[in-house]
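The values are calculated or read from the model by the stated rules, or taken from the named source; none is laboratory data. Since this is a predicted model, take the numbers as computed values, not measurements. Cβ atoms come from the backbone with ideal geometry, glycine included; neighbour counts cover every protein chain shown.
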Amino acid sequence: MASTAQEVLEQVLEEGGFVQRGIKSSGLIDESNVKNAATTDLRYGHLFNEKEGPVVDLIYEVPSQVGGNDIPGTPAIYFKVLDNPTHETITKLRSRVWNQGRTPTLWIVTSRNVLIYDSYARQQVGESDEIYLLERFILEEFKSIGDQLHILNNDFHKKSFDTGEFWQSKYGKKIKQNQRIDRAMLNDLSKAEDLLLSSFKKRGFMAPTDVAHAILGRSIFTSYLADRGILKSAFFEERYGYKSFKELLKDRNATYSFFWWLRETFNGNLFPFNKEEEKVNESDLDIVNAFLTGVDMSKYPHIRQERLWGYEFNFIPVELISSIYEMFAHSSDSQAAEERSTHYTRLQLVELVLSIAMDGLRSTTRILDPACGSGIFLVEAFKRLVWMRENEHGSDYVIQRDELRHILHSQIFGIDIDRGAVDVTAFSLYLTLLELDPDPQPPAALKFLPLLPSDDIPYEAPNLYVQDFCNTEHIFNQEEPFVNQGFDLIVGNPLDRFK
């Protein structure tokens, strides 16, 4: 009798050392235990809550060597059981896993075989030849489970991932780190910026890089709203006559009418308009459209070669978006952007630091990052405070919008000497507010309060300051909670900023 896909998965787990004598490894995460700790729930909880069903069935993390209740492991494998996989199903799954950027390998288990994919590889349209795919994207395929599963005892065995030997194997060396989403998006953004500035220059106006950054930043924010279902197709069609934001970008006047609506509706400290934007035309907006659609920006505009999938902002972690955008926004050219990628604080390090620093704290904790950069520590800390608050009230408690905003405005604070970095922090925290909102509708009800000093609310103490934390004479030292040193936790990664 032929094995089912689930039976094959069980055999894979046993032969691979992930389950021993019926006991699951401590690094295996599924729907039953994902919510047991803040790190795993924030990393993967949404993967098990999709309306269409779980995106993955099992996750394997290499357990941390640091002791503690919520010390994050190192993501290694996503397992997905598919009874009758189609090319479309596999492509959709690979797109979502790539956009999340967490694990290097994806194991698709069927009743006939096990396909182990490089999760970081990004496929071009047209790269569909089976032999080419096998060589470039599939690390290994086990067709005859009984005959070939013994290979798992070596390069694909659990111990190979635990010891790091996998990365020294021929399979580990095939993983395309340079195609991982953070590197891919940084490269695409940098190329889009170069193209925009070149287009401006050819038309005789020397717009500052701020113009290109603002256009791209607004477009990323809008794509986030659209992919998360906050702005639906009906919104664009009823207001502007287009079915999507990408279609809207073909019409310069309609695009800027929408940008003004976006500014008025969401307010906050988001991408102020520059007078030079009056000269932006539809060819400029086509560059933005190409970036969002997934066009290979290294070949555009000479060749408009699309990749098999674009960016899905409903799967890309907010912390990753903010880090990538900070690297991009602070680079004067694409070469500098690539160089910065070696310096930014990686999300996994942030999770590790906060899992230790916030252990034993309550959800009322007030937090300061004195060199906040893109806000990656503040975003993750905000999420953990919300997770803690919900768990303090019980599993059925869901924080609503007003309470989310109260936590943000009363408990999260940051300082940085770089105005651009602080702007990215505000952008990141606004995205997080929307992500955590259980019902982010209607858009008109989502207006943000400014996080930076603002004439709109002069009576409110800001959350974010553009200043040197060591400047004892600056006004922030006269404001709450600074004046009374009212912080429960000061955390961050300031080393690169004080070199």
| message | Give me the residue from region 253-278 that is surrounded by 15 or more Cβ atoms within 10 Å (Cβ to Cβ) and under 22 Å from residue 199 (Cα atoms) and, out of that set, farthest from the chain's Cα centre (by Cα). | response | 276
| Any idea which of 475, 407, 412 is surrounded by fewer than 18 Cβ atoms within 10 Å (Cβ to Cβ) and not basic (Lys, Arg)? | 475
| field | Subset of region 52-75 (residues that are modelled with pLDDT of 85 or more and in a loop (DSSP other than H, G, I, E, B)) | value | 53, 54, 55, 56, 57, 63, 64, 71, 72, 73
| Considering only region 86-115, how many residues are over 22 Å from the mean Cα position of the chain (by Cα), surrounded by fewer than 20 Cβ atoms within 10 Å (Cβ to Cβ) and either under 19 Å from residue 18 (Cα atoms) or in contact (Cβ under 8 Å) with a residue 60 or more places away in the chain (or both)? | 3
| request: Inspect region 457-464 for any residue being aromatic (Phe, Trp, Tyr) and either closer than 23 Å to residue 350 by Cα or surrounded by 20 or more Cβ atoms within 10 Å (Cβ to Cβ) (or both) and give the result as yes or no. | output: no
| task | Would you check if there is a residue in region 414-430 being among the acidic types (Asp, Glu) and either on the phi > 0 side of the Ramachandran plot or in a strand (DSSP E or B) (or both)? | result | yes
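Here's the yes/no breakdown for (1) of a type in the set (A, V, I, L, M); (2) modelled with pLDDT of 90 or more; (3) touching a Leu at 6+ places or on another chain (Cβ under 6 Å):
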{"position": "391", "(1), (2), (3)": "no, yes, no"}
{"position": "399", "(1), (2), (3)": "yes, yes, no"}
{"position": "440", "(1), (2), (3)": "no, yes, yes"}
{"position": "444", "(1), (2), (3)": "yes, no, no"}
{"position": "449", "(1), (2), (3)": "yes, no, no"}
{"position": "453", "(1), (2), (3)": "no, no, no"}
{"position": "457", "(1), (2), (3)": "yes, no, no"}
{"position": "463", "(1), (2), (3)": "no, yes, yes"}
| said: Just the residues that are modelled with pLDDT under 90 and either crowded, with 23+ Cβ neighbours inside 10 Å or among the aliphatic types (A, V, I, L, M) (or both), please, taken from region 305-316. | reply: 308
| query | If we keep just the residues of region 156-199 that are among the aromatic types (Phe, Trp, Tyr) and surrounded by 21 or more Cβ atoms within 10 Å (Cβ to Cβ), which is farthest from residue 13 (Cα to Cα)? | reply | 166
| Which of the residues that make up region 356-379 are among the hydrophobic types (A, V, I, L, M, F, W, C) and either surrounded by 19 or more Cβ atoms within 10 Å (Cβ to Cβ) or in contact with a Ser or Thr (Cβ under 9 Å, 6 or more places away or on another chain) (or both)? | 358, 367, 368, 371, 372, 376, 377, 378, 379
| task | Go through region 75-99 and give me each residue that's within 19 Å of residue 183 (Cα to Cα) and in contact with a helix residue (DSSP H, G or I) (Cβ under 8 Å, 6 or more places away or on another chain). | result | 75, 76, 98, 99
| request: Output the residues belonging to region 29-62 that are among the acidic types (Asp, Glu) and buried (at least 19 other Cβ atoms within 10 Å of the Cβ). | output: 41, 57, 61
| request: Return yes when residue 416 is among the acidic types (Asp, Glu), in contact with a Cys (Cβ under 7 Å, 6 or more places away or on another chain) and under 21 Å from residue 327 (Cβ atoms) and no when it is not. | output: yes
| request: Could you check, for region 280-295, whether at least one of its residues is in contact with an Asp or Glu (Cβ under 9 Å, 6 or more places away or on another chain), within 27 Å of residue 374 (Cα to Cα), among the charged types (D, E, K, R) and in contact (Cβ under 8 Å) with a residue 12 or more places away in the chain? | output: no
| Taking region 161-190 as the region of interest, how many residues are under 19 Å from residue 78 (Cβ atoms) and of a type in the set (D, E, K, R)? | 5
| query | Only one of 256, 242 is in contact with a Leu (Cβ under 6 Å, 6 or more places away or on another chain) and not β-branched (Val, Ile, Thr); which? | reply | 242
| query | If residue 143 satisfies every condition in (1) touching a strand residue (DSSP E or B) at 6+ places or on another chain (Cβ under 9 Å); (2) at pLDDT 90 or above; (3) surrounded by fewer than 18 Cβ atoms within 10 Å (Cβ to Cβ) but one, which is the exception? | reply | (2)
| remark: Considering residues that are in a helix (DSSP H, G or I), under 18 Å from residue 205 (Cα atoms) and either modelled with pLDDT of 90 or more or in the same structural domain as residue 95 (by TED's automatic domain parsing) (or both), the number found within region 275-297 is 5
